[in-house]
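A quick write-up on the structure given underneath.
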Amino acid sequence: MRQKENNGELHLGKGYFKALSPSGGGWSVERVTAAVVLYNNAELIPGLSATIQGLSPAGAVIYDSCSSDGSAEKACKMISDAAVITGDNLGFGNGCNRCLEKIDTEYTLFLNSDASITRENLALLVAALDENSCLAAVQPVIRLWGWELVTAGRGVYLTPFGESWDAGFMHLEPFIKGGIREVPAVTAAVALWRTSVLKKLGGFDTGYFMYFEDADLSLRARGAGWKVALCGGSQAAHMVGASAVREKAELWELASSIRLQRRFLRGSGLSERSLWSRELRIAAGMLLRGISPFARIKTFLKALAAPAPEEIALDRHTKSILYGIPGDMPLRRPEQGAPGPGWQRGRAAPWAGLKPHRKPLKLALTGESHASTAAVVSGSGELLRRVTVSPSKTVEVTLAEPPGIVYIKCDSLSDSIKVEVK
């Protein structure tokens, strides 16, 4: 079975299907070393320890970026088989590069401290690289931790302003097509790379402190003649923070987007004047909402004043897939204090998830501006109820024995239903 791409072929060969067998196919992961960067992640060490132990005989190198909460000490104690090194907090890419200096296996697994992948799913990534010599890296479908039907990413794409985004982020997707599919870039949350390619590229560009350095690395690999891909048959999990705690992250993303845009997209038609115009509009909007734009403007000016990175021209094929499709664009992050992902001010817009705490579960679903149809489904995707809600009318749904996870999903992405848990 093969999946043809515009520029070459990606294969699902015997090795891939062997890895799909119940025994793991004998596709040893001992050729893999995981690279993990820590910064004040002590509370995540138990989960990280379980993940790394589950990947045995794959090795692990952990870099602690001068944590103040005892992350390094806890990692040494709980992950005894891993090599733990410490150093200054010079950014995520620097930490990964320090790990890479210690890695001599054929493949390197970049693994966030708040992410997880099983040995069987890692074996599928190994098989994908073994079967496709044109690939520098491959990532799994990444699901939201604890919510197996919610996608956190299935490939990385860009906007014309240099912002990278995860395809399908916060989409409720019970079924995702398997196979190997080419994408412009892969995430560093969970991705398997050829170590030789990483070292030839010099690892991550440390000009990025946080965010989008994975898109930069992938595009530099593509500039060197490689491809990167999504392995639809492999899955991993990643925790995602709430939108209310991302102020600092948004500033790092702004600085990174300018560097990414100047390296790869300077010839795309957007001038520096366009960047200025956009930032002024954003600043005006922040002022209207009573938010000071000072920190954002300061970050923007500092990023523009930094030395420009070496420009890299993207080939026509990469440009043709770089921006993705509208249906894959990210939805909003979980709201702070919401009962689960997908909620938007008490609404399923277009979906919302919750974990019932008592029996029976009673839901009051109220229509918005027009009639909407929606499904109430379990965490495994089983249909529990189907309802039609008229504008300003309320339909009550009672589940006497609710499953551990319940989703309310509108049939249309443009619909929303107010949801009250009684």
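The values are calculated or read from the model by the stated rules, or taken from the named source; none is laboratory data. Bear in mind that the values here come from a model prediction, so they are computed numbers and not experimental data. Cβ placement follows ideal geometry from the backbone for every residue including glycine, while neighbour counts extend to all protein chains displayed.
Per-residue answers, yes or no, for (1) farther than 30 Å from residue 413 by Cα; (2) surrounded by fewer than 21 Cβ atoms within 10 Å (Cβ to Cβ):
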position	(1), (2)
123	yes, no
133	yes, yes
142	no, no
154	no, no
161	no, yes
186	no, no
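Kindly indicate whether residue 176 is of a type in the set (A, V, I, L, M, F, W, C), within 25 Å of residue 34 (Cβ to Cβ) and at pLDDT below 95. Give the derivation first.
Values: of a type in the set (A, V, I, L, M, F, W, C): yes; within 25 Å of residue 34 (Cβ to Cβ): yes; at pLDDT below 95: yes.
For residue 176, the condition - of a type in the set (A, V, I, L, M, F, W, C), within 25 Å of residue 34 (Cβ to Cβ) and at pLDDT below 95 - is met.
Conditions (1) touching a Leu at 6+ places or on another chain (Cβ under 9 Å); (2) within 30 Å of residue 122 (Cβ to Cβ); (3) at pLDDT 95 or above, marked per residue:
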residue	(1), (2), (3)
236	yes, yes, yes
251	no, no, no
254	no, no, no
273	no, no, no
279	yes, no, no
284	no, no, no
288	no, no, no
292	no, no, no
300	yes, no, no
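When both residues are 6+ apart or on different chains and their Cβ atoms are under 7 Å apart, which pairs have a first residue that lies in segment 359-385 and is at positive phi, and a second that is of a type outside the set (D, E, K, R) and surrounded by fewer than 20 Cβ atoms within 10 Å (Cβ to Cβ)? Partner pairs satisfying both residue conditions: 381/174. The listed residues are 273, 345, and the only one of them that is of a type in the set (D, E, K, R), out of contact with any Ser or Thr (no Cβ under 7 Å at 6 or more places or on another chain) and part of a loop (DSSP other than H, G, I, E, B) turns out to be 345.
So is residue 66 touching a strand residue (DSSP E or B) at 6+ places or on another chain (Cβ under 8 Å), assigned by TED's automatic domain parsing to the domain that holds residue 181 and surrounded by fewer than 21 Cβ atoms within 10 Å (Cβ to Cβ) or not? Taking the combined requirement at face value, the residue does not satisfy it.
Which ranges mark the helices (runs of 4 or more DSSP H) fully within segment 45-142 that have 3 or more residues being of a type in the set (Val, Ile, Thr)? First the steps, then the outcome.
Details: elements: 45-54, 71-78, 92-101, 119-131.
Filter on segment 45-142 gives 45-54.
Residue 372 meets the stated requirement of being closer than 13 Å to residue 412 by Cβ and among the hydroxyl-bearing types (Ser, Thr, Tyr).
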